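Written out below as structure tokens is the structure these notes cover.
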Amino acid sequence: SINAEIPYLTTKFSDFEHSIVSCHTVNKYSFISLGRNFYSVPEYLVGKHVTVKKYLSDIRVVYQGNFICQHSLLQGNGEYQIDIKHYLKTLSRKPKALEHSLALQSIPELNRCFHLYYQTDPKRFIQLIEQHKNDTLPALVENLKQNYLLRSQKADDVLPSKVAASARIQIQAYNALH
């Protein structure tokens, strides 16, 4: 039977990777260029040499033997794959720059969440992204919404009822416009 043959089976080769490996220098905007497209990497790697492993559908960036990030492989020319988490250090120092950043604009769900709930408090938005940086994008957006709702409920408890009602009406009018 098969149980008798298991000890004689060879192990699967695990060290062989089906990828094209190349070395790239991170530019001053924290991008690497691969096949006429650009992929973001964490900003602490600016000016450093990273190893890029190009697979069939994605790329993986490695620095000094450590996995750094992964992106879906872009098929066009001159396209950008940007992860906003790679720019949190700079954005925390310059939160007003967030609104017009390519990093935010390249992620429509996050951009919409920012403009609906956090446009007046970009620092809080950046802090929450930092706290939830390991979440998937849908989970991150949901956490941002929930945090906003919790904070707005606490504000309603503190504010006099007329002021809270007026603010609620203004928010509803704003949301109706966007």
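The values are calculated or read from the model by the stated rules, or taken from the named source; none is laboratory data. Worth saying up front: this structure is predicted, and the values here are computed from it rather than measured. Using ideal geometry, Cβ is built from the backbone for each residue, glycine included, and neighbour counts are taken over all protein chains shown. Note: areas computed on protein heavy atoms with side chains; ligands, DNA, RNA excluded. Shrake-Rupley method; radii C 1.70, N 1.55, O 1.52, S 1.80 Å.
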Residue hits (the stretch 94-113; touching a residue at least 24 places away in the same chain (Cβ under 8 Å), under 14 Å from the mean Cα position of the chain (by Cα) and open to solvent by less than 30 Å² (accessible area, probe 1.4 Å)) are Leu98, Ala103, Ile107, Leu110, Cys113
Report yes if some residue within the stretch 23-41 is of a type in the set (A, V, I, L, M) and under 26 Å from Arg112 (Cα atoms); otherwise report no. yes
Are there any pairs, at least 6 apart or on different chains, whose C-beta atoms fall under 6 Å, with the first in the stretch 124-152 and on the phi < 0 side of the Ramachandran plot and the second modelled with pLDDT of 90 or more and open to solvent by 70 Å² or more (accessible area, probe 1.4 Å), and if so, which? Val141/Glu109
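Inside the stretch 97-154, can you point out the residues that are of a type in the set (Val, Ile, Thr) and in a helix (DSSP H, G or I)? Quick ask: steps written out before the conclusion?
So the first thing to find is which residues in the stretch 97-154 are of a type in the set (Val, Ile, Thr), and the list is 107, 120, 126, 129, 136, 141.
Those that are of a type in the set (Val, Ile, Thr) and in a helix (DSSP H, G or I): Ile126, Ile129, Val141.
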Among the residues that make up the stretch 69-76, is at least one of them open to solvent by 70 Å² or more (accessible area, probe 1.4 Å) and of a type outside the set (S, T, N, Q)? no
If you take the residues in the stretch 148-171 that are open to solvent by 100 Å² or more (accessible area, probe 1.4 Å) and closer than 16 Å to Gln119 by Cβ, which one is modelled with the lowest pLDDT? Arg151
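Is the stretch 78-93 home to any residue that is more than 28 Å from Gln127 (Cβ to Cβ) and acidic (Asp, Glu)?
Taking the stretch 78-93 and keeping what is more than 28 Å from Gln127 (Cβ to Cβ), we get 78-79.
Now restrict to residues that are acidic (Asp, Glu): 79.
Looking through the stretch 78-93, at least one residue is more than 28 Å from Gln127 (Cβ to Cβ) and acidic (Asp, Glu).
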Identify, please: which residue in the stretch 18-58 is assigned to a strand (DSSP E or B) and among the β-branched types (Val, Ile, Thr) and is, among those, nearest to Tyr87 (Cα to Cα)? Ile32
Of the conditions (1) crowded, with 17+ Cβ neighbours inside 10 Å; (2) part of a helix (DSSP H, G or I); (3) touching an Asp or Glu at 6+ places or on another chain (Cβ under 8 Å), Leu91 fails just one. Which one is it? (3)
